[in-house]
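Participant: The structure under discussion is supplied below as structure tokens; questions concerning it will follow.
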Amino acid sequence: MDSELPALLVLGPPMVFNLFQSHYSHKYRFLNAFSSHLPLPQFLQTQQTHPSSVRAILCSPRQPVTADVIRSLPSLGIVATTTVGADHIDTAECRRRGIQVVTLGSQFAPDVADMAVALLIDVMFKISAGDRFAKKSIHFKPWSFPSGSKLGGKRVGIIGLGRIGGQVAKRLEAFDCIIMYHSRNKNPSVSYTFYSNVVDLASNSDVLVLCCPLTEQTKYIVNKEVMLALGKDGIIVNVGRGALIDEKELVQCLMKGEIRGAGLDVFENEPNVPKELFSLDNVVLSPHAGAITLDCFMDACEHVAKSFDAFFSS
Amino acid sequence: MGSISVLLVGKVLPYLEQELDKRYNLFRGIDPSQRAAVLRDHASSIRAVVASSSGGPDAALIEALPKLEIVSSFSVGVDRIDLQKCKEKGVRVTNTPDVLTDEVADLTIGLILAVLRRICECDRYVRSGNWKKGDYKLTTKFSGKTLGILGLGRIGAAVAKRAEGFDCSICYYSRNEKPDSKYKYYPSVVELASNCDVLVVACPLTPETHHIINREVINALGPKGVLINIGRGKHVDEPELVSALLEGRLGGAGLDVFEKEPHVPEELFGLENVVLLPHVGSATVETRTAMADLVLDNLEAHFLGKPLLTPLV
């Protein structure tokens, strides 16, 4: 047992954990609490580890770092999560104890923005539907596949012009899309048209892209009224959170043709997806994979490892 | 103009066929036996041929039409037309450049993303209910990758412009280096393939570019490399491509065109790193209508003695 290596208590585990462990097994003694049903103190006993020697935690939303957990580790000095949000960490308790909380910054923003554009082009050009069509038979009948629509000149309304929304805007500008947005506040450093009202944004858009966090204010920000305002040629792309859209209404609108199509990476009750969508060719469905690329995971691992390095060497 | 005889030799948008029918004395000669019958009875009256990516007049057909004045193609690629013969005989040739550039460039980026991020596979994963059993696997980021463009013409340049929005590095191969270009030039396709992550075929099909993507290029692109073909199927040695993908010597492919179109290589159907499309580039209604109007406008200009809009010859 490498007792010289610092102990790292792992809760969750984070999705990046396999990658992290394989790259950094020489740097830490991993205490994989996520694999045990035992309460934390008993788990640590099975690892021949006294709670006072645990100074660092690596966690994810799957297993909250509660006040109880924090109080049971008197030497805890750093808690790192491979997410942007820290809702699953009792940050008040951490502040009280002077414990550093490390979250991800904008490492994954390009990957999520790429996913948003990928979904949009797929819906516009029916790429996934086309792939299904082409792989059905060894001959395709030319001109028999329904045609799509190009991006140039389309008005794209971005809901949430933060790190991800900004990257989406930058990409779509290169396709000659016209960018407009809705955010909590107008951003004086961008020249895109700002709409304080989402229905107005939708009325003036051909595409809506959802990139904002889920809060009490943004829950169901895209509701039936917004979808009807977007109209029969409108497309919705969601790379934010499922509950930004009233999913039941979305399904109805898609089935009835009240909107033209949707590209969805997130859903209200993941991994459950409304079955009605499975038979539609005007939707593209993705299993919350916006940030699930090797590059993104490596960046997240490096970010966390650097934070731990700095902590353990100080 | 209803008395001018026009021969249609390639599949085109129904709107175009209808308009040709209205404006001219239209003969349909797409099918070989149809064509033979038309030639038997009307060869000496045909003054115009309308071609497309699926069919165009070769030397023999041009020779068989003594009154032929113009070939108007419903496509930007004119590999189906014997241009040399047209030049010899003083036959004008028009195509449909520019109207489809943006759309094909959009589709190219869509194909790249679909392959690297496994979009079609992700969609299958959700529809099959497999997401309930676990997350989909790690895929490959597109932003920041190096894009190699084979043929930095209108379409190649439009693809490059879009890829720059993803912070991609751009390099290219062309018959001649372009002195005004800010992108890195490689003097051979193999070198281009060795130095990029994604290779996009965007050049015209000529005898020189037939099978320009061969085994050597594919191996140079490598097990992590991705090939995107939005040019012509014959740019790629398809059997070589198929074996490279099956053996893992090539990382992935996105294909909108095929060597024996509309035949699609069945061996590729089950591969998650391959996206196949039924030649949809230039397929949007707006673009096809604009292309059709360009064909009609070129023909009209010719027969009214006005300058052609988009002449190649």
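The values are calculated or read from the model by the stated rules, or taken from the named source; none is laboratory data. Please read these numbers as outputs of a predicted model, since none were measured by experiment. FYI the Cβ positions are ideal-geometry reconstructions off the backbone, even for glycines, and counts take in every protein chain you see. Just the protein is used for accessible areas: all its heavy atoms, side chains included, with ligands, DNA and RNA removed. Shrake-Rupley method; radii C 1.70, N 1.55, O 1.52, S 1.80 Å.
Participant: Read through the list (1) without any contact (Cβ under 8 Å) to a residue 12 or more places away in the chain; (2) surrounded by 21 or more Cβ atoms within 10 Å (Cβ to Cβ); (3) not β-branched (Val, Ile, Thr), then give the number of the only condition that B:Gly305 fails.
Facilitator: For B:Gly305, the exception is condition (2).
Participant: Can you tell me which residue is farthest from the other protein chains (Cβ to nearest Cβ) among those in the stretch A:141-170 that are among the hydrophobic types (A, V, I, L, M, F, W, C) and closer than 25 Å to A:Leu277 by Cβ? Can you show your working first?
Facilitator: First, the residues of the stretch A:141-170 that are among the hydrophobic types (A, V, I, L, M, F, W, C): A:143, A:145, A:151, A:156, A:158-159, A:161, A:164, A:168-169.
Checking the rest, the ones that are also closer than 25 Å to A:Leu277 by Cβ come to A:145, A:151, A:156, A:158-159, A:164, A:168.
Details: A:Phe145: 5, A:Leu151: 5, A:Val156: 13, A:Ile158: 14, A:Ile159: 20, A:Ile164: 12, A:Val168: 10 Å.
Here the answer is A:Ile159.
Participant: Quick one: is B:Pro223 modelled with pLDDT under 95 and more than 28 Å from A:Cys177 (Cα to Cα)? Spell out the reasoning first.
Facilitator: Working: modelled with pLDDT under 95: no; more than 28 Å from A:Cys177 (Cα to Cα): yes.
So B:Pro223 fails the test.
Participant: Take the conditions within 14 Å of another protein chain (Cβ to nearest Cβ) and modelled with pLDDT of 95 or more and apply them to A:Ala174. Does it pass? Steps first, please.
Facilitator: Details: within 14 Å of another protein chain (Cβ to nearest Cβ): yes; modelled with pLDDT of 95 or more: yes.
Spelling it out, A:Ala174 is indeed within 14 Å of another protein chain (Cβ to nearest Cβ) and modelled with pLDDT of 95 or more.
Participant: Give the stretch B:239-257 a look and list any residue that's open to solvent by less than 10 Å² (accessible area, probe 1.4 Å) and farther than 17 Å from B:Asn214 by Cβ, or say none.
Facilitator: If the condition is that a residue be open to solvent by less than 10 Å² (accessible area, probe 1.4 Å) and farther than 17 Å from B:Asn214 by Cβ, then B:Gly252, B:Gly254, B:Asp256 are the ones that fit.
Participant: Among the residues of the stretch B:274-290, are any touching a helix residue (DSSP H, G or I) at 6+ places or on another chain (Cβ under 7 Å), more than 20 Å from A:Leu151 (Cα to Cα) and more than 10 Å from chain A (Cβ to nearest Cβ)?
Facilitator: Scanning the stretch B:274-290, I find no residue that is touching a helix residue (DSSP H, G or I) at 6+ places or on another chain (Cβ under 7 Å), more than 20 Å from A:Leu151 (Cα to Cα) and more than 10 Å from chain A (Cβ to nearest Cβ), so the answer is no.
Participant: Output the helices (runs of 4 or more DSSP H) that fall wholly within the stretch A:66-139 and possess 1 or more residues being within 14 Å of chain B (Cβ to nearest Cβ), or say none.
Facilitator: Numbers: elements: A:67-71, A:91-97, A:109-125, A:127-134.
Passing ranges, in order: A:109-125, A:127-134.
Participant: Shifting gears a bit: Out of A:Thr91, A:Thr82, report the one residue that is of a type in the set (Ser, Thr, Tyr), closer than 30 Å to A:Leu161 by Cβ and free of Cβ contacts under 8 Å to residues at least 12 places away in the same chain. Before the answer, list the steps.
Facilitator: Values: A:Thr82 fails: free of Cβ contacts under 8 Å to residues at least 12 places away in the same chain.
Just a single option satisfies the conditions, and that option is A:Thr91.
Participant: Right, another one. From the set of residues in the stretch A:181-210 that are under 24 Å from A:Gly257 (Cα atoms) and hydrophobic (A, V, I, L, M, F, W, C), which is most open to solvent (accessible area, probe 1.4 Å)?
Facilitator: Here the answer is A:Val199.
Participant: Which residue pairs have Cβ atoms under 9 Å apart, sit 6 or more places apart or on different chains, and have a first residue in the stretch A:3-18 that is within 13 Å of chain B (Cβ to nearest Cβ) and a second that is of a type in the set (Asp, Glu)?
Facilitator: A:Met15/B:Asp135
Participant: Now, a different point. Which members of the stretch B:182-218 meet the condition of being polar (S, T, N, Q), out of contact with any helix residue (DSSP H, G or I) (no Cβ under 7 Å at 6 or more places or on another chain) and within 27 Å of B:Asp79 (Cα to Cα)?
Facilitator: Let us first name the residues in the stretch B:182-218 that are polar (S, T, N, Q), namely B:188, B:194-195, B:206, B:209, B:214.
In the following step, the residues that additionally are out of contact with any helix residue (DSSP H, G or I) (no Cβ under 7 Å at 6 or more places or on another chain) were identified as B:188, B:195, B:206.
The answer is B:Ser188, B:Thr206.
Participant: Can you tell me which residues in the stretch B:188-238 are among the polar types (S, T, N, Q), outside any loop (DSSP other than H, G, I, E, B) and surrounded by fewer than 22 Cβ atoms within 10 Å (Cβ to Cβ)? Show your work before the answer.
Facilitator: Pass one, the stretch B:188-238, residues among the polar types (S, T, N, Q): B:188, B:194-195, B:206, B:209, B:214, B:219, B:229.
Narrowing further to those that are outside any loop (DSSP other than H, G, I, E, B): B:194, B:219, B:229.
Answer for the stretch B:188-238, where residues must be among the polar types (S, T, N, Q), outside any loop (DSSP other than H, G, I, E, B) and surrounded by fewer than 22 Cβ atoms within 10 Å (Cβ to Cβ): B:Ser194, B:Asn219.
Participant: A further question on this structure: Can you name the residue in the stretch B:244-259 that is part of a loop (DSSP other than H, G, I, E, B) and more than 13 Å from the chain's Cα centre (by Cα) and is also nearest to the other protein chains (Cβ to nearest Cβ) among such residues?
Facilitator: First, pick out the residues of the stretch B:244-259 that are part of a loop (DSSP other than H, G, I, E, B): B:248-251, B:256-259.
Narrowing the set further to residues that are more than 13 Å from the chain's Cα centre (by Cα) leaves B:248-251.
On the way: B:Gly248: 17, B:Arg249: 20, B:Leu250: 18, B:Gly251: 13 Å.
Looking at the filtered set, the residue picked out is B:Gly251.
Participant: Go through the residues of the stretch B:35-44 one by one and say whether even a single one is under 18 Å from B:Leu299 (Cβ atoms), at pLDDT 95 or above and surrounded by 20 or more Cβ atoms within 10 Å (Cβ to Cβ).
Facilitator: no
Participant: Being under 27 Å from B:Cys120 (Cα atoms) and surrounded by fewer than 23 Cβ atoms within 10 Å (Cβ to Cβ) is the filter; apply it to the stretch B:159-187 and report the residue that is nearest to the other protein chains (Cβ to nearest Cβ). Give the steps one after another, and end with the answer.
Facilitator: Taking the stretch B:159-187 as the starting set, the residues that turn out to be under 27 Å from B:Cys120 (Cα atoms) are B:159-170.
Adding the requirement that they be surrounded by fewer than 23 Cβ atoms within 10 Å (Cβ to Cβ) leaves B:161, B:164-165, B:167-170.
Values: B:Lys161: 6, B:Glu164: 6, B:Gly165: 3, B:Asp167: 7, B:Cys168: 10, B:Ser169: 14, B:Ile170: 12 Å.
That would be B:Gly165.
Each row is one residue, and each column tells you yes or no for (1) assigned to a strand (DSSP E or B); (2) at the interface with chain A (Cβ under 9 Å from one of its Cβ atoms).
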site: B:Leu68; (1), (2): no, no
site: B:Cys86; (1), (2): no, no
site: B:Pro97; (1), (2): no, no
site: B:Asp102; (1), (2): no, yes
site: B:Leu107; (1), (2): no, yes
site: B:Gly110; (1), (2): no, yes
site: B:Tyr125; (1), (2): no, yes
site: B:Leu147; (1), (2): yes, no
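Participant: Residue by residue through the stretch B:127-145, note down the ones that are open to solvent by 30 Å² or more (accessible area, probe 1.4 Å), within 19 Å of B:Leu227 (Cα to Cα) and within 9 Å of chain A (Cβ to nearest Cβ).
Facilitator: Let us first name the residues in the stretch B:127-145 that are open to solvent by 30 Å² or more (accessible area, probe 1.4 Å), namely B:127-128, B:130, B:132-133, B:135, B:137-138, B:140, B:144-145.
Next cut, within 19 Å of B:Leu227 (Cα to Cα) only: B:140, B:144-145.
Passing the criteria: B:Thr140, B:Gly144.
Participant: For the stretch A:70-111, which residues satisfy the criterion of being open to solvent by 30 Å² or more (accessible area, probe 1.4 Å) and closer than 19 Å to A:Gly12 by Cβ?
Facilitator: A:Ser72, A:Thr83, A:Val84, A:Gly85, A:Asp87, A:Asp90, A:Thr91, A:Gln100, A:Val101, A:Thr103, A:Gln107, A:Phe108
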